Structure formats: structure tokens, C-alpha cells
Amino acid sequence: LTDLSSDFAKLLINGDNHDVIIEAGEGENRREFRVHSLILCTRSTYFRTTLSKNWLRKEKGVIAFKKPNILSNIFEILLKYLYTGLIDLDILQGTDLLRLLVATEELDLQKLNAHIQTHMI
Amino acid sequence: MSSRKQPKGKIRPPKKPNSADAQFNDNWDRLAQAIREIHKKNASILSFEELYRNAYNMVLHKNGDKLYNGVREVITQHLEEVAVSQVVPAFPLSGASSSQTNPNGAGGANFLKVLKTVWEDHTTCMLMIRDILMYMDRVYAKTANVPLVYDLGLDLFRDTIVRSQNYPIQNHLLEVLLQQIKLERENEIIDRTNVKASIDMLLELTDASTKDTVYATDFENKFLETSSEYYRVEGQMLVGEYDAPEYMKKVDKRLNEEEQRVRHYLSQTTEPKIRNIVEEELISKHLKTVIEMENSGLIPMLRNEKMDDLGRMYKLFGRVVKGHDEMKSAISDYIRELGKAINETVTSNTTAEGGNAASGDKQTGATVAVRWVQEVLDLKDKFDKVQNLALSNDKAFQTSFNEAFEYFINKNSKSPEFISLFIDDNLKKGLKGKTEEEVDSVLDKTITLFRFIGEKDVFERYYKQHLAKRLLLGRSVSDDAERGMIGKLKVECGYQFTTKLEGMFNDMRISSDTMTDFKEYLDKSVLEKPKLDLSVTVLTSTFWPMNLSASPRCNLPPELTKACGTFQNFYLGRHSGRRLTWQSNMGTADIRGSFKARKHELNVSTYQMVILLMFNDKQDGESLSYEQIKGESDIPEADLKRNLQSLACAKYKILVKEPKGKEINPGDQFNFNNDFTAPLQRIKIQTVASKVESEGERKETREKVEEARKHQTEAAIVRIMKDRKTMEHNLLIAEVVKQLQSRFMPNPALIKKRIEALIEREYLERATGDRRVYNYLA
């Protein structure tokens, strides 16, 4: 299972065969992630909906999705979690932890949400 | 997490209430606009992320109820518009006349089509609205205990469109649906997809109060009511216009159609209900009418062996409660009627021919018996075929048929005798015309009739008589066939039933051994050898049906008497303590007669031989009177008459009687017929049946049976009492009946008499305290 996680982590880093570009954060914080709809849709209802036929928007043949209200570093943690199922909360500071918690609430990542809450207590 | 509330970047709680309101209004305006765009099918310009975040923020800021109500309002507004702009204009021309102006229900079909589009649009929009309000569904709807937004959409659609208060949409919808179904029932082609769409829509909508589907609350009952009415009318029409097979085909078709209809576009829950209606209106209500249809109903089907039609009726009528019962009783009645007719032809024949179906090989009796059994067998075959081909071998039908057969077979008091005679006939002639397999199958069938006989003991008695004759007169076609038959009887009635029959066979076998020994004995002995070949069959008196104790008188010729004496010495020398009684009435003899034309070998009965030998001493033309013959031979009168008849009045006239006539009377004179001619050298003289005597024999048989029953009843009583020691009257009677009913049905009065007889003979006593209880006395 660790192999699987690390392989998927590589997939997120090198963006091979990506079909979605997500733009997270605003202004200076803004950053693009090359991701795979298949993985996101499998892992999250939110992404499954937004990447569904009714809602997906394409720019230059690739699905484009903007998430300005979540900081790109927080979003990266979320993506890593979605790809690998792993998350290290200990390296996060209090504010980031809280931001992460709020983001999981919005994106309906309930397991992670519960995990963070227990970690905080 | 609320306890640790801290500044949270963009979604920080608003500080001022009015700015929060303003932000809500702003957000809501955008969301409402987006929903309107969705309704306009303009969703492609919308951003899911924004709308979702928008709704998310509203719920997060405790504005869930405002959002929810707002959404409800927007959707309701939209649906109202849809009703006015799309649904109402599509109304078919006013209900009643629509079917006339649009014979194909085109207006209705169009209306359904519009409704289908409206419904599809609505559901599509609702799915998208649900997407953006996902957070509201998850967080607000759950805590506020309100329907999820998609379900809210369904409710709104139900109340605004389907059950609109403002427009008669519901009436039109139901009317059009029912009309479409009616058109299809009348073989019009309708567009099932449109109907199905509407039905599916009704199935998806839920009635708020019953929690059942709108299909069930609004549509189903109306559908069933109209169907009832439709089939009520149709049933009456069909019964009037078609014969039974056609009627059933129509019903079959209808049932099939309704089943298909349900499968194609109604709810499966409706299937049993509509089926019941068709069954009730087209089958239950017309059961009797169809069964009794003249020239085409159940009886004509049976008469003409219309297996397909019968099968169809069986299947169809099996669907309703009373169906098979009605069929069964109608068929049973028919069997009884046919059986009665068979019985009647037999009785009328017997009386007409003046013959009597008594024991023996008397022509008239036997043929009547054989014909009766054959007809019953044919009838049985016919209904077995019906059972097999049309009634799926239904056990209940079989039972009822069997009862009917049992009923009429036992109506004919002679049936045990007839069946035995029939078997006799087959075992006697058997191989002449039929192969062994054929005989065997006939006998198998006969056994099925035997099962129906109530008085099995009477049958046994006749069977013994017939078997005895076959064995003694060597008429049996084959030992194997005889044994086969006994085997079959054994299977039916058990060992007890057949021991005596088997004993008879044993006697025959031992006798043939004895005869071999006797011949050797004669060869070795110094005694004078008899001048004739004597063949003796030694019978065990208890096995054989003759009254062996009272030996019939008859003066045998001296040579014969002497030969008999020799055998008697031989036999008694080997088996001491036995008694031999000569049954001259059962024997046969081969004698040679010289006539003018040629010599003939005559095979005659012992009595006939005695009579003929008297003429040996007479001159040509010298006659003997009846009285002379009677006095000299000492043959019992009845036997004498019968044998004289065989010699003088039958096919081969060995004797000439004066005066001529069929009957033998005192004072008649008999001459040896020297002019007798016959083509064959060997002649067999049959013994003629005599009606008066046979009637007597019947009575005698009856009496013997009654006597045997007394013994069997007593034996049963003693057996039971020995086991139970003490028993109450009614229980004892019941037990006795149970034990005896495989042989005959004892009546309680008979049992009571036997109990009393046993008390008299001190096998039983009445209990001192209770006179209804008996004790067994060891």
C-alpha cells in the first residue's frame, strides 16, 4: 500500500496524462496543479460533481477549475491526501491546520475533517 | 470546532448584521439568477465552484432557511410558468369529445409528450440545482428536517403541475392515460413511451399524506375501476357472441395483454390487481356459463376430446377460486352419467336376452360382463387421456374422477363378478387374438377398476370360482398369465387376499406330480389295470370355492368307480388321515362315439359321459325317458337338465329329444343320434347356461359372501380386543371398519350382531360399570 501511495504521489508531482488544471489561491499565492479527473472523481463527491458533464469547463482542451478561496499550499495538502490517502498534520501550524479544516468542510471531505478535529483535540 | 472559532480568512463571520444581510442578498440574487439560467438551459455560462461556494457560505452563516425558502420560491415560480406556457396549451380538446374528434387519441398523446418533456426538463434542472446546493442538503436540510432539495423539487412539481390547484392538469392527465389504455385494448397502436414516461413520473412522486406514490393514490384505483367496468361489459359481450373455446382464447389473450401492459408501462404492483379484475370479470363471473355452453362447453369438449380446449380451460379456470371445483364437479357428473348409461345398457341387455351374468362361461352372461368391463375401461381410458393431456395429471381431478368411477361401478351390484368374468375371458381366450403384452396391459387396466370395487370379498369369491374352472377344465391360457394376475392382486390387496388362490395353484402342481407317481404305481403294481386313463386332481377343500363337504350324488359307471377306488387306495396309502371326496360335477371325459358317418372323439363333462354311456346298452332307436336317466344316474336335477340340454339342444346334437324344444321337461324322451355329423373329428360339448339355476347360484354366492363376512368380522373383533383388552363400543366399531374396509364396507349393525354373538360365546363381556364398554375374555 505504501508503494501505491508513493506512486500516486509521483503522479501528482509529474502530472503525467493530466486532464484537469486546477488553479488554487489568489494573486501571489496562485498556483496551478495538473491533476487527473479520474482520481479526483473517485475520491471526492465535490470533484465528481464539478467535473461532471453539466459543470466542467474546458480551456484549450483541458478542464479548468479555479479555487481562489483556498490557499495553494493548503490545496496541495488536500490533493496529496486525495492522491495518496496520507496526511501529516504534525508539520502544520495552528492557522494552517484550521484552514485545512475549513477547506475539508467546504469540499465535503468528511473523513479528513473528522481526522483533523480529533488531531486538534 | 465552533468553540475554537478564530479568524478564518475569507469566510470569517461578518461583523455587522446589515452588511451580512447585504452580502446575503447579493449572494442570493446571484444564486437565484443562476437557477433561472439553469431553467433556461443556460447552465454552461455558470461556474459550479462559485455557486457552490455561494450556497456554502449562506448555510455557513446560518442563512440556510432563507436559502431553502428562496429556492422553493424560484422553483415554484418557474413551474407555474411552465404550467401556463407549456402544459395548459397542450390540453387535449375537452375530455369526453376528444376520443371522437381524435380517434387515435392524438391530442392525448401530444399532451403526454409535452408532459414528458416538462418532466424531463424539471428533473434535469433539479439535478443541477442539487449539485450546487449539495452543502445545503448535507448540512441544513438534515438539521432542519426538511426534504432534500431534489425531493423538494419533486413535491413542488407534484403540487404545481400534476395536482395543480389552478389548472385541471390532473384530470386531463388521468383521462388521457386511461383513454390511451382503452385505445390500446381496442387494438389501436399507441405511443407507449409517452404513457410510460407519465406513469414513471407518477411513480416517482410521493403523496404527502399516504407516503405512497402518486401513481398509487391518484392513478391506480381509477385504472382498476375503469378496467373492471371495461371487462364487465366485454365479458357479457363475449359470452353472448362466442363459443366456449373462442371465449377462452379471448380471455387468454386479454390476460396476456394486461400482463404485457403492466410489464411495459405500469407498476409491477398493479399486476396482481389487474389480473384479479380480468379473472373476476372474465372467468369467475362466467364460469358456469362457459362450462355449460351448449355444443361447445365442457361436456362437448370432453365428448369430442378437445384436449387443447380442455387444457386451456384447466389453466384459465385454475386462476380463480371456484374454477377447478366447478370443472371437477361437471366432469364427475358427466362420468357418473356415462357410467349410469353403461350400467343401464347392461341391465337392459341382460333382461332382454333373458340371460344372467352368473358365473361360468355361459355365453350371454359372459359377453355382457365383458362388454360392460370393456366399456368402463374405454371410459377410464378416455378420462385418463384427458387427465394426462389436458389436466396436467392434477391429483384433485384424479381423486374426483376416481370417486365418480367408484360411484357408478359400485352402483352395479354385479361389478365384482363382471370384472372377474372379464379377467376370466382374457385369461381363457387371451393369446388367441392378443399378444401377451396386450393381455397384460388389459389386465393392468382391469386392476384399476378392481380398485374401485367396494366389495372386494365378493370379487375374490367370483375370482376363485372362475379360476377353479379355468384350472380344472384346463382352460387357462398360461400359467404365467395366471400367476401374473395373482401377483397384481397381491400388490393391491396383500398376501392374505391371494393365499387361497396360490393354494389352488399349488394343488394343481402337486396333483400333476401325484398323477405321475400314480402311473408308476400302476405300472409296478400287480393289480388289474383300470380300463381307462384316470386323471385326478386333488384339491384342498379350504382353498377351493366348491362346497366340498356335500359331495353331489352320481352313479358312475363301474369301470370308473373301480379306477377311482384304485386311486383312493394309492393316495390314502401315501397320506394317511386324509379324506377324498369325488367331485363328479367338476370333471371332464374324452369318449369315443361311433356314428353312422364316422367316429368322433367327444370331450364331455363327467355327467354327460354318464348319460351317454347309458345309451351304450341300448339298441338303435331305443329311447330313454328323462325319469329313467334321472333315476339311473342320480345326477342332481338342475345339473342333469343342463347337461341334457347341452347334448340335445345345443350346437352338437348327440341326442335327439322328443318332443323337440329348448327346454328339458319331465317326460321327455331321448334317443342316440346316429345320424350325427360334424366336420371335426374332435368335438367339445359346451355346458349350457341355465338362467334359473344361475340366479340361484348368485344368491348362493351372496349367502356365502355374507357368511364369510360374519367370520371375518368376528375375527377382526377378536383380533382387536385381544390387543386392547377393553374398548368402548364406538371405537371398536370404527377400528373394525378400518381393518375390513379394504375388503368390504361392513355395516355397523352387522358388527354389533357379531359382538353380541361373541359375548354369547364368552369371548367378550360387557364391562360391569359401563355397558358400552367391552372386555376381552382370555
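Derivation of every value follows stated rules applied to the coordinates shown; laboratory data play no part. A quick note: this is a predicted structure, and the numbers were derived from the prediction, not measured. Neighbour counts are summed over all protein chains in view; Cβ atoms, including those assigned to glycine, are modelled from backbone coordinates with ideal geometry.
Scanning residues 5 or more positions from B:THR588 or on other chains, those with amide H under 5 Å from its amide H are B:THR606, with H placed 1.01 Å from N in the peptide plane. Here the peptides B:387-394, B:755-762 are ranked by packing, the mean other Cβ count within 10 Å, and the order with the highest first is B:387-394, B:755-762. For the charge dipole of the protein assembly as shown, defined by +1 on Lys and Arg C-beta atoms and -1 on Asp and Glu C-beta atoms about the Cα centroid, which residue among B:GLY240, B:PHE744, A:ASN14 has the Cα displaced farthest towards the positive pole? Farthest towards the positive end: B:PHE744. Can you tell me the orientation of helix B:395-411 relative to chain B, as the angle in degrees between its alpha-carbon axis and the longest Cα principal axis, to the nearest 10? In chain B, helix B:395-411 runs at an angle near 30 degrees to the longest axis.
Given axes a ≥ b ≥ c from the Cα gyration tensor, I'd like to know whether the range B:599-640 is rounded (a/c under 1.5), prolate (a/b larger than b/c) or oblate. Cα axes put the range B:599-640 in the oblate bin. Here the simple spin-label model places points 7 Å from the Cα toward Cβ, and for B:SER525 and B:ASN166 these points are separated by 13.0 nm. When you count the other C-beta atoms within 10 angstrom of each residue and take the mean per peptide, B:768-775, B:219-226 line up highest first as B:219-226, B:768-775. Taking amide H as placed 1.01 Å from N in the peptide plane, A:LYS67 has its amide H under 5 Å from the amide H of A:GLU23, A:ALA24, A:GLY25, each at least 5 places away in sequence or on another chain. Taking Rh as the Kirkwood radius computed over C-alpha pairs, what is the Stokes-Einstein D of the range B:726-778 at 25 °C in a medium of viscosity 0.890 mPa s, expressed in µm² per second? Using the Kirkwood radius from Cα pairs, D works out to 215 µm²/s. Shown here for the range B:421-501: trypsin sites (Lys or Arg not before Pro) in loop regions (DSSP other than H, G, I, E, B) with at most 15 other Cβ atoms within 10 Å, namely B:LYS434, B:ARG475. Rg and Dmax of chain B, based on Cα coordinates, read 47.9, 161 Å. The shape of the range B:415-523 comes out prolate: with a ≥ b ≥ c from the C-alpha gyration tensor, a/c is at least 1.5 and a/b beats b/c.
Rounded to 0.05, the FRET efficiency of the B:GLU559 and B:LEU731 pair, given R0 = 51 Å and the Cβ-Cβ distance, is 0.20. Note down the Stokes-Einstein diffusion coefficient of the protein assembly as shown in µm²/s, whole number, using a Kirkwood radius over alpha carbon pairs, 37 °C, and 0.692 mPa s. Using the Kirkwood radius from Cα pairs, D works out to 84 µm²/s. Against the main long axis of the alpha-carbon atoms of chain A, helix A:110-120 sits at an angle near 30°. A cut-off under 15 angstrom between Cβ atoms defines the neighbours of A:ALA64, and their net charge, with Lys, Arg +1 and Asp, Glu -1, is +2. Extent along the principal axes, Cα only, for the range B:588-684: 32, 26, 26 Å, with the longest axis given first.
Listed values for the range A:60-65 are Karplus-derived 3J(HN,Hα) couplings in whole Hz (6.51 cos²θ - 1.76 cosθ + 1.60, θ = phi - 60°), namely 6, x, 10, 5, 10, 9, and x replaces Gly and Pro. Normalising the average separation of contacting C-alpha pairs (under 8 angstrom, six or more residues apart) by the number of residues puts the relative contact order of the range B:588-684 at 36 percent.
For B:ASN388 and B:ARG724, the difference between the fully extended length at 0.36 nm per residue and the C-alpha to C-alpha distance is 116.4 nm.
In units of the compact-protein estimate 2.2 N^0.38 Å, the range A:1-92 shows a Cα radius of gyration of 1.07. Annotation: average projected area of the range B:264-351 is 7.2 square nanometres, based on the convex hull of Cα atoms across all directions.
Would you mind checking the tilt of helix B:729-740 against the longest principal axis of the Cα atoms of chain B, expressed as 0 to 90 degrees and rounded to 10? The angle comes out near 80 degrees. Shown is the FRET efficiency for A:HIS115 and B:ARG138, computed with R0 = 25 Å from the Cβ-Cβ distance and rounded to the nearest 0.05: 0.90.
Dividing the alpha-carbon Rg of the range B:380-457 by 2.2 N^0.38 Å yields what?
Taking the Cα Rg and dividing by 2.2 N^0.38 Å, one obtains 1.22.
Cross-linked pairs B:LYS428/B:LYS500; A:LYS58/B:LYS62; B:LYS62/B:LYS211; B:LYS41/B:LYS142; B:LYS380/B:LYS699: Cα-Cα separations exceed 24 Å for A:LYS58/B:LYS62; B:LYS62/B:LYS211; B:LYS41/B:LYS142; B:LYS380/B:LYS699. Counts of other chain beta carbons within 10 angstrom of each beta carbon in peptide B:49-61 average 3. When you restrict to C-alpha pairs under 8 Å that are six or more residues apart and normalise by the size of chain B, the relative contact order lands at 7 percent. The phi torsions of the range B:703-719, fed into the Karplus equation with coefficients 6.51, -1.76 and 1.60 and a -60° offset, translate into couplings of 4, 4, 4, 4, 4, 4, 5, 4, 5, 5, 5, 4, 4, 5, 4, 4, 4 Hz, rounded to whole numbers, with Gly and Pro shown as x.
With R₀ fixed at 22 Å, the C-beta to C-beta distance from A:ASP88 to A:ASN17 puts the FRET efficiency at about 0.25.
What are the aspartates and glutamates whose alpha-carbon lies under 13 Å from the alpha-carbon of A:LYS67, with same-chain residues fewer than 8 places away excluded? Output for A:LYS67: A:GLU23, A:GLU26, A:GLU32, A:GLU76, A:GLU106, B:GLU49, B:GLU50. Shielding by partners for peptide A:101-107, expressed as the average number of C-beta atoms from other protein chains within 10 Å of each residue's C-beta, is 4. Taking the range B:134-194 on its own, what percent of its Cα-Cα pair distances exceed 19 Å? Roughly 55 percent, once rounded to a whole number. In terms of packing, defined here as the mean over residues of other Cβ atoms within 10 angstrom, the peptides B:186-199, A:85-98 line up highest first as B:186-199, A:85-98.
Residue by residue along A:65-74, Cβ atoms of other protein chains within 10 Å of the local Cβ number 3 on average.
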